[in-house]
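These notes concern the structure reproduced below.
Just so it is clear, none of the values below were taken in a lab; they were calculated from the coordinates. Keep in mind the model is a prediction, meaning the values are calculated, not measured. In this analysis, Cβ positions are derived from the backbone assuming ideal geometry, glycine residues included, and neighbour counts consider all displayed protein chains.
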Amino acid sequence: MTIRKIGCEGCDNIVCPSTKDVLKQDVAKGVKTAFHRVDDRGMSACLFGSTGVCCRNCNMGPCQIIDGVAEMVGVCGASADTVAARNFSRIIAAGSASHTDHAREMVKGFIATAKGETQHEIKDVAKLHSMAKVFDIETEGRNKNEIALELGEKCLAEFGQQDGTLTMLKRAPATLQAAWKKMGIEPRGIDREVVEMMHRTHMGVDQDYKNLMLQVSRCSLADGWGASMMSTELTDIMFGTPVPIRSIVDIGVLKEDQVNVTVHGHEPLLAESLCLAAQSEDMQNLAKKAGAKGINLAGVCCTGNEILMRRGIPVAAGFIQQEIVLATGAVEAMVVDIQCIMQSVAEVAKSFHTDIITTNYRAKMEGAVHIQFDDNNAMASAKEILTRAIGNFKKRGKYYIPESKKLDVVAGFSHETINYIQGGHFRASYRPLNDNIINGRIRGVAAMVGCDNYKYSDDTHERIARELIKNNVLVLATGCSATALGRAGLMRPEAAAEFAGPGLAEVCETLGTPPVLHMGSCVDNSRLLIAATQMVAEGGLGEHISDLPAAGTSPVWMSEKAVAIGQYFVASGIYVIFNKLPITGAKKFTKYMTEGCEEELGGKWDMEEDPIKLAHKMIKHIDEKREALGINKEQGRVLFDMDMRRDLGGGAIAGVGCSGPASS
Ligand code: XCC
Ligand code: SF4
């Protein structure tokens, strides 16, 4: 991809106004960010590594392989295809392990909550009952905590389960379940699949790339339809299933006169406890005593998405802005737990009064303060953290908050919300979405997931999403890509009229939704699996997820987790396109991933670095699916008359869009 050189001096990939604004202030002088390091390193990425053909799985290597050159196979004889497939497998194992270890903590927190050992409660009883049904748990005559305890314990057991299949798999379309069974890739136990993946990629074990890819799918399914799905559902039950909520996204959410605490990482247990503690009278009083008007919590990365979705707490930054938010000099503490926390934040914080507070024994960092977050004494841990942040308020020196640039978002589009807004309480269904796809107002659905990446321009997500919605493709976003799209103003309902094609704009205006829907954090991609399943079940769009006019992308991924997500989408029948994947040094393997696997899985991988071309590859795929379904006819613009609006408007978002207040 050609990177657009339009940023400020020394930061070529920056388009975001507030990032640019902060970086040019005096207070940020001397702050080195990843943007600078990308330039400073002075070395381009190793060709063998970036194309997947460097093997260091044993001490006879590392071996760099050149496909087709007889002398350049591994010392053990490993071919380019084997090495690339093994490396890809290990990415999937690491990505799945990260999601599943996060999920395990959430399940354990859920069990502790069911036992009454935390300050949280079982909030969404309706969802508890629907999950109890999935897990064959008796609900008659039992209180919510008893049911929750059994559910939590059954979920926890699936991590160490050795045989059988994961329970959530049965939520998938029957056709997909049958395909997995036929291929022998139904996950047996969550941890088992990760361990087996690591074993099979050890020197001298599985040396058949196609056979390895079966385990790759099984491992990723244990993530998507297993651990991640458990995490999303149990977190919803405990903290509430998201409903549409207005908030703001940008560095400008920091407040001049308050103690700014950013919460960065992934597990919402910590963030939820901080939210509760920040509202407590003693913490509020302590903040006032320190001369602040209060405590301002703001999210970073997926923790940000979790508390935005459920509480409407503003998001200060996505992955790509974690250093910039510190460079404002206005953050008293950045509290971190696990995943996507750059080691550089400790270095940046040194220039300011800011404390980086690590809270998880699994993730410590030199230069940070460690305050262990104790699940069983969460309030005390949270207060200790906040007390430290409040103590820093008086030490704040020069700072700069780019206040004018923050943008509104409407977030909170869980699968349940999408269901509801289309039909209200009584007729909740995906029927209107399917109908609007069939009648052509909506061309198809695109999932945009995953990270930001300093090697690419920070408006890449925006450019792709604008191209998609202009072409009437509804965009569902999660993770840092959702934050990026929020920052770009695409999660305001008004964005439909401003940027969407006429058909999509009409549907969005009628429902009062933005053309880009925020569906949550990285683990919440499981919501997309359920949404796709629901679209198949609703009828009219084929028998399989692979029949849907839908596509997925993580256009500037950086984390191994994003690849695991991509793979479980592919193994669920979805066409997934990334900017690039480290597989291209192996010809047969690449061909298999981008073509061959479609026959078995229904989904396949693709690659494209140019944002606009990437969007059009997604659109082309969507059109091909429409063609196969026989719905790809040119549609004249059908305006909604009042009856149609009334029909659709039952669940419109209160105070949002043209439908006025919700009728419920
Ligand atoms: Fe990390 Fe989840 Fe990627 Fe953002 S999107 S950079 S993984 S925080 Ni999931
Ligand atoms: Fe080289 Fe084979 Fe060892 Fe890999 S496993 S480092 S290809 S000898």
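If the segment from Gln372 to Lys470 were pulled out straight at 0.36 nm per residue, it would be longer than the present Cα-Cα gap by 30.5 nm.
Shape annotation for segment 94-171: C-alpha extents along the principal axes are 39, 28, 18 Å, from largest to smallest. The simple spin-label model puts a point 7 Å past each Cα toward its Cβ; for Glu117 and Glu146 those points are separated by 2.1 nm. Helices in the chain, meaning DSSP H runs of at least 4 residues, each add -39500 (n - 2.57). Divided by all residues, the mean residue ellipticity at 222 nm is -13500 deg cm²/dmol.
Taking the inverse of the average 1/r across all pairs of different Cα atoms in segment 356-506, what Kirkwood radius in Å do you get? Working shown, then result.
Numbers: mean 1/r = 0.0523 Å⁻¹.
Its Kirkwood hydrodynamic radius stands at 19.1 Å.
Dimensions of segment 341-440 based on its C-alpha atoms, expressed as ranges along the principal axes with the largest first, amount to 58, 40, 24 Å. Across the chain, the mean sequence separation of Cα contacts (distance under 8 Å, 6 or more residues apart), normalised by length, yields a relative contact order of 16 percent. Taking the three principal axes of the alpha carbon atoms in segment 12-140, the coordinate ranges are 68, 54, 24 Å, sorted in descending order. If you wrap segment 431-471's Cα atoms in a convex hull and average its projection over all directions, what's the area in nm²? Computed as one quarter of the Cα hull surface, the answer is 3.4 nm². Ranked for footprinting exposure by Cβ neighbours inside 10 Å, fewest first, Met230, Met198 give Met198, Met230. Extension gain, Met365 to Glu494: 0.36 nm times the residue separation minus the Cα-Cα distance gives 42.2 nm.
A DSSP coil position with no more than 14 other Cβ atoms inside 10 Å describes the following GluC sites (Glu not before Pro) in segment 224-283: Glu256. The simple spin-label model puts a point 7 Å past each Cα toward its Cβ; for Ala380 and Arg37 those points are separated by 3.6 nm. What the Cα atoms of segment 351-390 give is an Rg and a Dmax of 10.6, 35 Å. Among Phe159, Phe88, sorting on how many other beta-carbon atoms sit within 10 Å of each Cβ, with the fewest leading, yields Phe159, Phe88. Inter-label distance, Glu624 to Lys580: 2.3 nm, where each label sits 7 Å from its Cα along the C-beta direction.
Going from the residue with the fewest nearby Cβ atoms within 10 Å to the one with the most, His102, His266, His36 rank His36, His102, His266.
Using only Cα atoms, what is the ratio of the radius of gyration of segment 499-545 to 2.2 N^0.38 Å?
Values: Rg = 13.1 Å, N = 47, 2.2 N^0.38 = 9.5 Å.
Here the Cα radius of gyration is 1.38 times the empirical estimate.
Express as a percent, rounded to the nearest 5, the fraction of DSSP beta bridges in the chain (both residues included) that run antiparallel. Working shown, then result.
On the way: 8 of 47 bridges.
Beta bridges within the chain, antiparallel portion: roughly 15 percent.
For the chain, the percent of C-alpha pairs falling in each 20 Å distance bin, counted from 0 to the bin holding the largest distance, reads 19, 54, 26, 1. For the pair Val69 and Lys350 in one chain, pulling the backbone fully straight at 0.36 nm per residue adds 96.2 nm over the alpha carbon distance.
Restricting the calculation to alpha carbons of segment 110-238 gives Rg and Dmax of 16.7, 55 angstrom. The distance linking segment 447-480 with segment 383-408 is 30 Å (Cα centroid to Cα centroid, whole angstrom). Treating r as the C-beta distance of Gln177 and Lys613 and R0 as 30 Å, the FRET efficiency rounds to 0.30. Normalising the Debye intensity of segment 324-375 to I(0), with uniform scatterers on Cα atoms only, and taking log10 at q = 0.28, 0.31 Å⁻¹ returns -1.12, -1.30.
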